[in-house]
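K.L.:
Structure below; questions to follow.
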């Protein structure tokens, strides 16, 4: 399973519409966009990585009070064993009326031997 498919399922379970890269449909009052950030092999002393680290930015867009949704997402991420790297308020978009919140997450996948 990939980090994108895991996040897609997690957000679907929370009834939050989600897209990867760009939300191309008519956007609802609240939705998420997933943007891959990195796929990294951590440095190991024998130069043979045991884990592949995947990082994604989860952008929450909301026209209302985003705090409850942000906390629901945060709780679900932690319960699903994601590492939350950063959570930040990006902007209030005057032209669209959306608050933009970013949650950067990582997940570690064991390498096949």
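The values are calculated or read from the model by the stated rules, or taken from the named source; none is laboratory data. The structure presented is a predicted model; accordingly, all values stated were derived computationally and were not measured. All Cβ positions, even for glycine, are placed from backbone atoms using ideal geometry, and neighbour counts span all protein chains on display.
K.L.:
Among the residues of the stretch 58-99, write down those that are without any contact (Cβ under 8 Å) to a residue 12 or more places away in the chain and part of a helix (DSSP H, G or I).
P.N.:
The answer is 67, 68, 71, 75, 78, 79.
K.L.:
Here is a follow-up. Identify all residues within the stretch 93-113 that are loosely packed, with under 11 Cβ neighbours inside 10 Å and under 14 Å from residue 63 (Cα atoms); write none if there are none.
P.N.:
94, 95
K.L.:
Looking at 33, 40, can you tell me which residue is part of a strand (DSSP E or B) and surrounded by 15 or more Cβ atoms within 10 Å (Cβ to Cβ)? Quick ask: steps written out before the conclusion?
P.N.:
Working: 40 fails: surrounded by 15 or more Cβ atoms within 10 Å (Cβ to Cβ).
One residue alone meets the criteria, 33.
Here is a yes/no grid of residues against (1) more than 19 Å from residue 12 (Cβ to Cβ); (2) within 11 Å of the chain's Cα centre (by Cα):
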position	(1), (2)
38	yes, no
48	yes, no
61	no, no
74	no, yes
82	no, yes
85	yes, yes
93	yes, no
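K.L.:
Looking at the stretch 22-34, which of the residues that are farther than 21 Å from residue 79 by Cα and modelled with pLDDT of 90 or more is nearest to the chain's Cα centre (by Cα)? Explain how you work it out, then say what you get.
P.N.:
Within the stretch 22-34, the subset farther than 21 Å from residue 79 by Cα is 22-30.
Subsequent filtering for residues that are modelled with pLDDT of 90 or more retains 28-30.
Working: 28: 18, 29: 18, 30: 15 Å.
If we take residues in the stretch 22-34 being farther than 21 Å from residue 79 by Cα and modelled with pLDDT of 90 or more, then 30 is nearest to the chain's Cα centre (by Cα).
K.L.:
Ok, one more. When only residues in the stretch 70-79 that are surrounded by 10 or more Cβ atoms within 10 Å (Cβ to Cβ) and out of contact with any helix residue (DSSP H, G or I) (no Cβ under 6 Å at 6 or more places or on another chain) count, which is nearest to residue 55 (Cα to Cα)?
P.N.:
Within the stretch 70-79, the subset surrounded by 10 or more Cβ atoms within 10 Å (Cβ to Cβ) is 70-78.
Narrowing the set further to residues that are out of contact with any helix residue (DSSP H, G or I) (no Cβ under 6 Å at 6 or more places or on another chain) leaves 70-75, 77-78.
Numbers: 70: 18, 71: 20, 72: 20, 73: 16, 74: 15, 75: 18, 77: 13, 78: 15 Å.
The qualifying residue nearest to residue 55 (Cα to Cα) is 77.
K.L.:
Condition first: assigned to a helix (DSSP H, G or I) and either out of contact with any helix residue (DSSP H, G or I) (no Cβ under 9 Å at 6 or more places or on another chain) or more than 16 Å from residue 80 (Cα to Cα) (or both). Now tell me which residues in the stretch 1-30 satisfy that.
P.N.:
Start the filter on the stretch 1-30 by keeping residues that are assigned to a helix (DSSP H, G or I), which leaves 3-13.
Hits for the stretch 1-30 are 3, 4, 5, 6, 8, 9, 12.
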